[in-house]
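Input: a single structure, listed below in structure tokens.
The values are calculated or read from the model by the stated rules, or taken from the named source; none is laboratory data. Given the structure is predicted, the values throughout are model-derived calculations rather than measurements. We place every Cβ from the backbone using ideal geometry, glycine too, and count neighbours over all the protein chains shown.
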Amino acid sequence: MKPDKRTDTLADGIARKLEALANEKEGIRRKLVVTAKQLAVTAKEKESTRRKLVVTAKQLAVTAKEKESTRRKLEVTAKQLAVTAKEKESTRRKLVVTAKTLAVTAKEKESTRRKLEVTAKQLAVTAKEKESARRKLVVTAEKLKSLYETLEKKVSERTKDLEQIRSKSEAILASIGDGLVVVDKEGRINYINKSFEEMLGWKAEEIIGKSMVQVVPREDIHGTKVSFKERILTQVLSGEKFVANLTNPFYYIRKDTSRFPTSSIVAPVILDGKTVGAVEVFRDITKEKEIDKAKTEFVSLASHQLRTPLSTVNWYSEMLLAGDAGKVTPDQKKYLEEIYAGNQRMVELVNTLLDVSRIELGTLIIESKPTNIVKLTQSVLDEHKLLITEKRIILTSSFSKKIPLIKTDPKLLRMVIQNIVSNAVKYTSDGGKIYISTVMIDGSDILMKIRDTGYGIPKDQQNKIFTKLFRADNVIGKDTEGTGLGLYIARSIVEQAGGKLWFDSTENRGSIFYVTLPLHKPKKDNDASARLYQRSNN
Amino acid sequence: MNTPKKILIIEDEKTLARALELTLTHAGFEAKLAFNGEDGIKLLKESPFDLILLDLIMPKMDGFTVLTVLKTEKIKTPVLVLTNLSQQNDIKHAEKFGAKEFFIKSNTPIATIVTRVRELLK
């Protein structure tokens with residue numbers, strides 16, 4: 001193939017143009033086909049539209065009919081509306097009236113509202129007050145609550161304290177070394193402590209509620225059972241306070257019938273001024289008695305020993321005074337007389353001490369015989385005549401003629417009268433008065449009264465006057481001779497004889513001493529006191 | 001002149017015995033001393049006495065024993081007891097044993113004793 005290159009290129013161009021024309025023709029043809037197809041579609045669409053229009057026409061015909069029906073309905077409605085309008089008018093009128101009424105009501109409402117407003121405001125204020133009050137109440141309530149709690153706590157603490165105190169008191173009572181018994185006003189045992197149980201052998205449960213006097217018998221120093229009436233407890237419950245006299249010890253009888261010497265103090269329990277019971281505290285004094293006995297024995301021994309030197313002084317001064325050793329000058333005589341007198345006082349003191357120890361040891365022997373108390377008194381007065389005259393004391397005496405002889409120990413009775421009379425003389429200042437009388441009372445007792453206008457006994461010391469070695473303050477300076485034993489001895493003797501010795505006294509006015517002696521002593525028991533010691537030694 | 005009456009003083013307290021001796025001699029009696037019961041009995045056995053002044057509490061032999069011995073020995077010499085015991089029991093006891101009288105020395109002036117002796121030996 002290599003003819004001419006230009007020819008070839010031309011031919012090629014013509015070919016290519018022919019090919020392009022062919023292609024163009026094919027394109028147009030294809031376009032025509034498409035257009036034909038499109039035209040066919042459009043025809044179909046026109047047909048569909050025409051059909052739709054037919055339908056629409058038909059629909060319109062239907063709609064016209066509906067419109068007619070609607071118009072008719074509307075006509076009915078219009079008529080109805082006309083009626084409604086009338087009703088509306090009436091309603092409107094009514095509404096106008098109502099409106100007017102409402103206007104009035106509105107005014108009233110306004111006024112009410114205002115009132116309400118005021119009220120509301122007031123209520124608001126009240127509410128505030130109430131709120132404040134409420135708050136206060138709340139605070140108060142809280143305070144009260146706290147106070148209540150505190151109180152409750154205090155009460156419970158106090159109760160606990162009281163409980164403690166009570167059990168403490170009970171423990172104390174229980175452990176007191178002395179016997180303790182509490183009785184009600186009928187004398188029934190309410191409480192006893194441990195010492196009571198130990199001393200008397202009774203257990204609390206055995207005797208609570210029973211009569212103390214019956215459960216625990218008492219005997220006096222003579223071994224005689226003390227009667228119900230004479231029991232201290234009975235006397236205290238009847239209203240009189242009484243402290244057992246230690247010089248008159250007694251015995252308590254144990255459950256096992258053995259006994260022990262006792263001293264006790266009984267006091268009434270007084271509530272609102274009424275005796276509701278009594279409390280008794282008692283002690284076993286066996287030991288004390290032994291010590292006391294030893295002491296008394298010592299005094300007795302010492303006194304006897306003192307008598308020898310006293311006798312020596314007595315006798316030798318006597319001999320000197322008698323001139324046995326040559327003549328004495330008046331001065332020497334005076335001095336010797338002082339020695340002798342001083343020694344005599346010592347002798348008297350020793351004698352008194354021995355009397356006391358005899359009384360206490362129970363070795364005092366009583367020799368009773370019919371005794372004329374009036375004569376005895378007169379002889380005692382005679383002994384004091386010198387001193388009475390010296391002190392210019394006016395002595396008056398009166399003795400009833402009816403006084404019989406009484407069976408008693410004249411020496412001891414003399415000691416009693418001697419003691420009281422010598423006190424009256426000693427403690428009455430110069431120019432004073434002493435009055436003595438003896439009368440019978442109730443036909444069963446002799447009553448002797450010795451009254452003086454002397455110094456008297458100070459009130460605060462009156463209860464000690466019968467105590468051994470006691471001397472009242474107001475006479476110690478005035479008289480150095482007293483021993484403080486006289487009245488102790490006198491009372492012991494009188495009581496031994498079944499009588500009583502007591503006194504009334506006012507300081508600086510004088511004293512009256514009373515002695516009663518029974519004509520017949522209920523029971524004579526010479527060895528009673530001696531037995532007392534034998535027993536306590538057992 | 002009468003021979004003086006013989007008095008035996010049985011007393012252990014020498015000063016008291018001497019006082020009695022002096023006073024009784026002064027009063028015209030013949031007094032002899034014994035300082036205990038035993039010596040007293042010895043003297044009594046040696047020669048008779050008109051009166052005995054007897055103490056009760058003494059060493060060796062006390063007054064009560066002396067009284068008993070006097071009784072058994074049938075010595076009838078009157079006895080005045082001079083003592084400082086003042087228990088009534090002692091007094092009774094002494095009297096039962098034959099003592100004629102009983103004096104408490106400290107309570108009795110020596111003159112009283114002399115008077116009683118004189119009366120008894122009249």
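Among the residues of the stretch B:58-78, those identified as surrounded by 16 or more Cβ atoms within 10 Å (Cβ to Cβ) and farther than 11 Å from B:Ile7 by Cβ are B:Met58, B:Met61, B:Asp62, B:Gly63, B:Phe64, B:Thr65, B:Val66, B:Leu67, B:Val69, B:Leu70, B:Ile75. Residues of the stretch A:113-149 that are under 55 Å from the mean Cα position of the chain (by Cα) and among the acidic types (Asp, Glu): A:Glu129, A:Glu131, A:Glu142, A:Glu149. If you check A:Ile366, A:Ile457 for being under 30 Å from A:Ala294 (Cα atoms), in contact with an Asp or Glu (Cβ under 8 Å, 6 or more places away or on another chain) and surrounded by 15 or more Cβ atoms within 10 Å (Cβ to Cβ), only one passes: A:Ile366.
If you check A:Glu280, A:Glu337, A:Glu288 for being in contact with a Ser or Thr (Cβ under 9 Å, 6 or more places away or on another chain), farther than 23 Å from A:Val216 by Cβ and of a type in the set (D, E, K, R), only one passes: A:Glu337. In the set (1) closer than 25 Å to A:Ile285 by Cβ; (2) under 26 Å from the mean Cα position of the chain (by Cα), A:Asp184 fails one condition alone, (1).
In the stretch A:370-386, is there at least one residue being touching a Gly at 6+ places or on another chain (Cβ under 7 Å) and in the same structural domain as A:Glu495 (by TED's automatic domain parsing)? Looking through the stretch A:370-386, none of the residues is touching a Gly at 6+ places or on another chain (Cβ under 7 Å) and in the same structural domain as A:Glu495 (by TED's automatic domain parsing). Of the residues in the stretch A:154-170, none is among the acidic types (Asp, Glu), farther than 30 Å from A:Tyr191 by Cβ, part of a helix (DSSP H, G or I) and at pLDDT below 90. Kindly establish whether A:Glu348 is under 22 Å from A:Gly223 (Cα atoms), facing chain B (nearest Cβ under 10 Å) and surrounded by fewer than 17 Cβ atoms within 10 Å (Cβ to Cβ). No; evaluated as a whole, the condition is false for this residue. If you filter the stretch A:252-303 down to residues that are over 20 Å from A:Glu230 (Cβ atoms) and among the small types (Gly, Ala, Ser), you find that the one that is modelled with the highest pLDDT is A:Ser258. Test B:Phe49 against the stated conditions and say whether it is at pLDDT 90 or above, crowded, with 16+ Cβ neighbours inside 10 Å, more than 14 Å from chain A (Cβ to nearest Cβ) and not in a strand (DSSP E or B). Yes.
Take A:Gly179 and decide whether it is modelled with pLDDT of 80 or more and on the phi > 0 side of the Ramachandran plot. Against the criterion (modelled with pLDDT of 80 or more and on the phi > 0 side of the Ramachandran plot), A:Gly179 does not qualify.
Here is a yes/no grid of residues against (1) outside any helix (DSSP H, G or I); (2) at positive phi; (3) in contact (Cβ under 8 Å) with a residue 24 or more places away in the chain:
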| position | (1), (2), (3) |
| --- | --- |
| A:Lys407 | yes, no, yes |
| A:Leu412 | no, no, yes |
| A:Ile420 | no, no, yes |
| A:Asp430 | yes, no, yes |
| A:Ile434 | yes, no, yes |
| A:Ser437 | yes, no, yes |
| A:Met440 | yes, no, yes |
| A:Arg451 | yes, no, yes |
| A:Gln461 | no, no, no |
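Each residue in the stretch B:22-45 was checked for being in contact with a strand residue (DSSP E or B) (Cβ under 9 Å, 6 or more places away or on another chain), surrounded by fewer than 20 Cβ atoms within 10 Å (Cβ to Cβ) and within 13 Å of chain A (Cβ to nearest Cβ), and 2 pass.
Taking the listed residues A:Val374, A:Val279, the one that is more than 14 Å from every other protein chain (Cβ to nearest Cβ), in contact (Cβ under 8 Å) with a residue 60 or more places away in the chain and closer than 30 Å to A:Leu237 by Cα is A:Val279, with no other qualifying.
Could you list, in sequence order, the residues of the stretch B:1-21 that are more than 14 Å from chain A (Cβ to nearest Cβ) and closer than 17 Å to B:Ala94 by Cβ? Hits for the stretch B:1-21 are B:Leu8, B:Ile10. Restrict the check to the stretch A:384-400 and report whether at least one residue is out of contact with any helix residue (DSSP H, G or I) (no Cβ under 8 Å at 6 or more places or on another chain), modelled with pLDDT under 90, within 14 Å of chain B (Cβ to nearest Cβ) and not in a loop (DSSP other than H, G, I, E, B). Checked the stretch A:384-400: no residue is out of contact with any helix residue (DSSP H, G or I) (no Cβ under 8 Å at 6 or more places or on another chain), modelled with pLDDT under 90, within 14 Å of chain B (Cβ to nearest Cβ) and not in a loop (DSSP other than H, G, I, E, B).
Results for (1) crowded, with 19+ Cβ neighbours inside 10 Å; (2) over 18 Å from A:Gln418 (Cα atoms); (3) more than 10 Å from chain B (Cβ to nearest Cβ), shown as yes or no for each residue.
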position: A:Asp292; (1), (2), (3): no, yes, yes
position: A:Trp315; (1), (2), (3): yes, yes, no
position: A:Leu320; (1), (2), (3): no, yes, yes
position: A:Ala325; (1), (2), (3): no, yes, no
position: A:Asp331; (1), (2), (3): no, yes, yes
position: A:Glu338; (1), (2), (3): no, yes, yes
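When the criteria are applied in full, A:Leu354 fails the requirement of being part of a loop (DSSP other than H, G, I, E, B), under 30 Å from A:Ile450 (Cα atoms) and at pLDDT below 85.
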